[in-house]
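Taking it in order: structure first as structure tokens, then the write-up.
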Amino acid sequence: MPKNDPTQLSARPAGIPLSIVTGSARGIGFAIAQRLVADGHQVYLLDVQDSVAEAARTLNAVGYAQVDVTDTSALREAIVGAADAAGRLDTLVNCAGTCGRESFEDLTEETWRRDIDTNLKATAFACQAAVFPHMKAQAFGRLINIASVSGKVGGVGPVDVDGSGGRSGAAYASAKAGTINLTRWIARQVGAWGITANTVAPGPIESPMAADASYPISEMPIPRLGQPFEVAGAVSYLAGDDSSYVTGTCMHVDGGMVRA
Ligand SMILES: NC(=O)c1ccc[n+]([C@@H]2O[C@H](COP(=O)([O-])OP(=O)(O)OC[C@H]3O[C@@H](n4cnc5c(N)ncnc54)[C@H](O)[C@@H]3O)[C@@H](O)[C@H]2O)c1
């Protein structure tokens, strides 16, 4: 089969897959990395926190980088460097994220920039670094971007009537909505190159990010917080061979919170 024939099922290169997971020092990103290791991948961790080194040791990762994903050149260097070393790049999971919960009145440019850059800008440039050159050259790849149901419904949590905030903020909700459409855009671009691009939109998941948040759990079809491993299960499917004809989609892992 010609290497880049878009009319044929794209073939994963032989050997052990390489997956890069951003935001993997803790929380959902750590659980995703753990699941991909269990699935037989060599996993490369990327996070701004120095605890990424300990997380990499715990998971017996192939490597790690302590990088701020909003630093586009450092991000590109880490992704391309890890793929160069392995001679391949099968999966990129963009999971690094920040979430301001200020009221509309208290929203600042600083929070706006941080949440847009961490959640949306970094996702765009990480995907670019994964596709060019490695995924396109090998005619195979899986881009998986972690969005949020906040990007579907305009933020999650109580609407504040007294100005105290608490709902996932305007910048975060905008960034996650942007992530969903960015991923659709990328999916249309890269499909003929053997690459899929999908988002996973978690609902309320028990993690450090959600520790101080309040959610309408009792109103949900599954009335409990989700666990990081439950998001990791969706990522495992999208990174695996069973999802070969799935692209541009947004998979909710939210206990039924959003029934779009
Ligand atoms: N927990 C939830 O309820 C929930 C719901 C929906 C979506 N999400 C999304 O899931 C992802 C993971 O969230 P989590 O709950 O595990 O949060 P978390 O805060 O526990 O983990 C986020 C990780 O991203 C890293 N990170 C943050 N900014 C970074 C930067 N600039 N550069 C590199 N790394 C950076 C952090 O150091 C941390 O390790 C995020 O994208 C988040 O928006 C979480």
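Things worth noting here:
- Fewest-first ranking of V258, V131, V246, using other Cβ atoms within 10 Å as the exposure measure: V246, V258, V131
- Comparing mean-square fluctuations of T123, T98, T183 from a GNM of the chain with C-alpha springs under 10 Å, the top value falls on T98.
- Positive-end residue, the chain charge dipole about Cα centroid, Cβ charges, pick of G81, G194, M135: G194
- Sorted by Cβ neighbour density within 10 Å, fewest at the top, the residues L92, L18, L182, L9: L9, L182, L18, L92
- Simple Cβ-charge dipole of the chain, Lys/Arg +1 and Asp/Glu -1, about Cα centre, in debye nearest 20: 920 debye
- Positive-pole candidate from T183, A56, P223, dipole of the chain, charges at beta carbon: T183
- The count of lysine pairs in the chain with alpha-carbon distances below 21 Å, taking only pairs 8 or more places apart or on different chains, stands at 5.
- Using the Karplus relation 6.51 cos²θ - 1.76 cosθ + 1.60 with θ = phi - 60°, the per-residue 3J(HN,Hα) values for the stretch 158-175 come to x, 5, 7, 9, 10, x, 8, x, x, 5, 3, x, 5, 5, 4, 4, 5, 5 Hz, with x marking Gly and Pro.
- With a cut-off of 11 Å between beta carbons, the residues surrounding Y172 carry a summed charge of +2, where Lys and Arg count +1 and Asp and Glu -1.
- Within the stretch 75-174, chymotrypsin sites (Phe, Trp or Tyr not before Pro) in DSSP loop having at most 14 other beta-carbon neighbours inside 10 Å: F104
- Annotation for the stretch 1-92: trypsin sites (Lys or Arg not before Pro) lying in DSSP loop with at most 14 further Cβ atoms inside 10 Å of their Cβ are K3.
- For R259, R142, R12, order by how many other beta-carbon atoms lie within 10 Å, fewest first: R259, R12, R142
- For A65, nonlocal amide neighbours, meaning residues 5 or more places apart or on other chains whose placed amide H falls under 5 Å from its own, are L45, L46, D47.
- In order along the stretch 247-259, the Karplus-derived 3J(HN,Hα) couplings, from 6.51 cos²θ - 1.76 cosθ + 1.60 at θ = phi - 60°, round to 8, x, 8, 10, 9, 7, 10, 9, x, x, 4, 10, 10 Hz, and Gly and Pro are given as x.
- Å³ per residue enclosed by the Cα convex hull of the chain: 117 Å³
- Per-residue Karplus couplings for the stretch 114-124, computed as 6.51 cos²θ - 1.76 cosθ + 1.60 with θ equal to phi - 60°, are listed in order as 4, 6, 5, 5, 5, 7, 10, 4, 4, 5, 4 Hz, Gly and Pro entered as x.
- In the stretch 227-260, chymotrypsin sites (Phe, Trp or Tyr not before Pro) in a DSSP loop with at most 11 other beta-carbon atoms within 10 Å: Y245
- Other residues lying with their Cβ under 13 Å from the Cβ of W112 contribute a combined charge of -3, Lys and Arg counting +1, Asp and Glu -1.
Every read-out reported here was derived from the displayed coordinates using simple, explicitly stated rules and does not represent laboratory data. Being a predicted model, the structure only gives us computed values, none of them experimental. Note: ideal-geometry Cβ built from the backbone for every residue, glycine included; neighbour counts use all protein chains shown.
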